[in-house]
Amino acid sequence: MQLKYGANPHQSHAAVAALDGNTAPVELLNGTPSFINVLDALNAWQLVREARVATGLAAAASFKHVSPAGAAVAAPLDEATAQAYEVAGRELTPAALAYVRARGADPKCSFGDFAALSEPVDLETAQFLKGVVSDGIIAPSYAPEALEILCGKKGGGFIVMQADADFRAPARERREIFGMELVQDRNDHQVSEADIAEIVCGELTPEAKRDLLLGLVALKYTQSNSVGYALGGQMIGIGAGQQSRVDCTKLAGQKADLWHLGRHPKVLGLAFKAGVKRQERINWRVRYIEGDLTSHEETALTDALDGPLDRLQGDEKREWVAQLDGVSLVSDGFIPFRDNIDHAQRHGVRFIAQPGGSTRDGEIEAACGEYGIALVHTKLRLFHH
């Protein structure tokens with residue numbers, strides 16, 4: 001498969017081929033992908049396929065720059081979340097529901113994403129994708145009418161890949177860097193409930209088990225270090241690629257707060273003028289929540305609204321964020337210091353799954369006990385680079 005270009009446009013020669021003459025695990029049905037598009041597609045497909053096995057539910061991912069901006073399974077949407085995702089009143093199939101959730105987790109980062117579905121893409125999912133800014137999709141199959149819609153997106157340039165659901169990767173993987181070849185056993189561990197069986201303290205609800213399993217699979221395909229927050233069958237905050245784990249915890253927590261604030265009555269009540277496009281509405285809601293509007297932005301947002309701008313005040317934000325509860329946190333490596341727990345509890349975390357094995361495991365357990373957080377040791381590190 002000849003690619004548009006490598007990681008950057010000046011890397012003009014780029015191609016991808018199956019190993020050792022084997023049948024390729026994916027087939028290009030439309031468009032011309034770049035090097036990064038292919039990396040996103042292959043990682044995203046593995047994520048949704050394994051999340052489907054782990055949870056038994058249709059799964060979706062929204063990938064950007066080789067990490068998920070969001071991942072989710074097909075769980076029901078409450079009224080406020082449906083309104084925030086602009087799908088209120090729509091009947092969503094499991095595939096569409098999973099992707100709407102995955103993309104809605106972090107709509108700012110999902111702009112121009114690569115989508116992945118564990119299920120065949122149906123008409124409802126294709127119609128939703130038609131209306132959002134996205135680069136491509138990978139799935140096991142497509143309904144004919146869905147494929148027609150997707151192949152017409154972006155003036156015919158939308159990338160459509162079909163994954164072979166029966167493909168099994170080689171036991172070892174190779175990477176060439178700077179004239180050297182690195183070889184390792186592939187991380188073929190399938191996440192399951194056995195990985196969250198060692199409960200150190202507290203108890204897990206069925207919903208927490210589902211969210212922890214989703215989180216473990218999602219972080220398996222997230223650039224490390226990484227920490228993820230999950231709630232209601234979707235990742236609501238992912239902190240990826242940070243050198244300090246507590247920075248991952250803080251970043252993911254900030255995104256979880258932003259997700260939760262997206263359901264604030266003031267945010268849902270923003271009345272945009274007719275003609276303001278969907279992506280513009282999404283971007284303005286995010287900036288409205290963040291609050292640090294420049295003078296130019298404040299003027300532009302006021303012009304986009306059908307009414308005066310009523311700012312979301314700091315005390316209103318704090319009161320709303322304090323209501324966030326029942327969140328599950330997953331860490332791809334052991335939690336080294338209790339400051340991670342101190343920060344996590346500020347964002348409604350009540351369940352944590354981490355490998356364990358730190359010399360300060362006792363301090364971590366004690367902190368969880370103080371805050372009423374259930375703690376699981378997975379004994380499973382999930383670094384991904």
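Please treat every number below as a calculation from the coordinates, not as lab data. Just so you know, these numbers come straight off a predicted model, no measurement behind them. Every residue, glycine among them, receives a Cβ derived from its backbone with ideal geometry; neighbour counts consider all protein chains shown.
Which value does Rg/Rh take for the stretch 157-263 over its C-alpha atoms, Rh per Kirkwood?
Details: Rg = 17.3 Å, Rh = 16.7 Å.
Over the Cα atoms of the stretch 157-263, Rg/Rh equals 1.04.
Given an 8 Å cut-off on Cα distances and at least 6 residues of separation, report the relative contact order of the stretch 265-311 as a percent. Walk me through the numbers on the way to the answer.
Numbers: 23 pairs, mean separation 23.3, N = 47.
Relative contact order comes out at 49 percent.
Test of understanding: ordering 45, 320, 259 by Cβ neighbours within 10 Å, fewest first, what list do you get? Mind dumping the intermediate values first?
Details: 45 27, 320 19, 259 24.
Going from sparsest to densest Cβ surroundings: 320, 259, 45.
Mind jotting down the distance between the C-alpha centroids of the stretch 292-326 and the stretch 125-157, whole Å?
33 Å
Given that compact globular proteins tend to follow 2.2 N^0.38 Å, what is the ratio of the alpha-carbon Rg of the stretch 109-172 to that value? Intermediate results must be reported in sequence, preceding the final value.
Details: Rg = 12.5 Å, N = 64, 2.2 N^0.38 = 10.7 Å.
In units of the 2.2 N^0.38 Å rule of thumb, it is 1.17.
Below 14 Å, Cα to Cα, which aspartates and glutamates can residue 255 reach? Residues fewer than 8 away in the same chain don't count.
106, 247, 290
Would you kindly give the portion of the calculated P(r) for the stretch 35-133 that falls above 22 Å, as a percent of all Cα pairs? Spell out each step's value before the answer.
Working: 972 of 4851 pairs.
Result for the distance tail: 20 percent.
Add +1 for every Lys or Arg and -1 for every Asp or Glu among the other residues with Cβ under 15 Å from the Cβ of residue 29, and state the total. Provide the component values of the computation, followed by the final result.
Numbers: positive: 153, 154; negative: 27, 135, 145, 148, 164.
Residues near residue 29 contribute -3 overall.
Sort 326-334, 229-237, 358-366, 159-167 by the packing proxy (mean of other Cβ within 10 Å over each peptide's residues), most packed first. Don't skip to the answer; put the middle values down first.
Working: 326-334: 25.6, 229-237: 27.2, 358-366: 15.1, 159-167: 18.3.
The most tightly packed comes first, giving 229-237, 326-334, 159-167, 358-366.
What is the ratio of the Cα radius of gyration of the stretch 265-311 to 2.2 N^0.38 Å, with N the residue count, to two decimals?
1.01
Can you work out the Karplus-derived ³J(HN,Hα) for every residue in the stretch 170-181? Use 6.51 cos²θ - 1.76 cosθ + 1.60 with θ = phi - 60°, whole Hz, and x for glycine or proline.
Calculated HN-Hα couplings, in order: x, 5, 10, 10, 10, 9, 9, 9, 6, x, 10, 10 Hz.
Residue 130 to residue 274: FRET efficiency via 1/(1 + (r/R0)^6), r the Cβ-Cβ distance, R0 30 Å, to the nearest 0.05?
Values: r = 20 Å, r/R0 = 0.68.
Working from the Cβ atoms, E equals 0.90.
Hey, how many Å between the Cα centroid of the stretch 194-261 and the Cα centroid of the stretch 1-53?
Rounded to whole Å, the Cα centres lie 27 Å apart.
Tally Lys/Arg at +1 and Asp/Glu at -1 over every other residue whose Cβ is under 13 Å from the Cβ of residue 322; what's the total?
Details: positive: 317, 318, 346; negative: 257, 315, 316, 319, 325.
Once positives and negatives cancel, what remains is -2.
Could you tell me what a quarter of the Cα convex hull surface of the stretch 127-220 works out to, in nm² with one decimal place?
Numbers: hull surface 43.2 nm².
Taking the Cα atoms of the stretch 127-220, their convex hull projects to 10.8 nm² on average.
For the stretch 156-198, run through the GluC sites (Glu not before Pro) and keep only the ones in DSSP coil with at most 15 other Cβ atoms within 10 Å of their Cβ. Display every interim value, and only then the final one.
On the way: sites: 173, 176, 181, 193, 198; in loops: 198.
Hits after loop and neighbour filter: 198.
Once you treat every alpha carbon in the chain as an equal point and sum by Debye, what is log10 I(q)/I(0) at q = 0.09, 0.14 Å⁻¹?
-0.53, -1.24
My understanding is that a pair violates if its Cα-Cα distance is over 19 Å; which of 250/317; 266/317; 153/277; 4/154; 209/250 do that in this structure? Walk me through the numbers on the way to the answer.
Numbers: 250/317 17 Å; 266/317 10 Å; 153/277 17 Å; 4/154 16 Å; 209/250 23 Å.
In this structure, 209/250 lie more than 19 Å apart at Cα.
Can you tell me the FRET efficiency between residue 203 and residue 12 if r is taken as the Cβ-Cβ distance and R0 is 51 Å, rounded to the nearest 0.05? Intermediate values should be presented prior to the final figure.
Numbers: r = 56 Å, r/R0 = 1.10.
According to the calculation, E is roughly 0.35.
Please give the length that would be gained between residue 346 and residue 188 if that part of the chain were fully extended, namely 0.36 nm times their separation in residues minus their C-alpha to C-alpha distance (nm, one decimal). The partial results should precede the final answer.
Working: separation 158, 0.36 × 158 = 56.88 nm, distance 3.42 nm.
Gain on extension, residue 346 to residue 188, equals 53.5 nm.
Tell me, what is the Rg over Rh of the stretch 244-291, with Rh the Kirkwood radius over Cα pairs?
Details: Rg = 13.3 Å, Rh = 12.0 Å.
Rounded to two decimals, Rg over Rh is 1.11.
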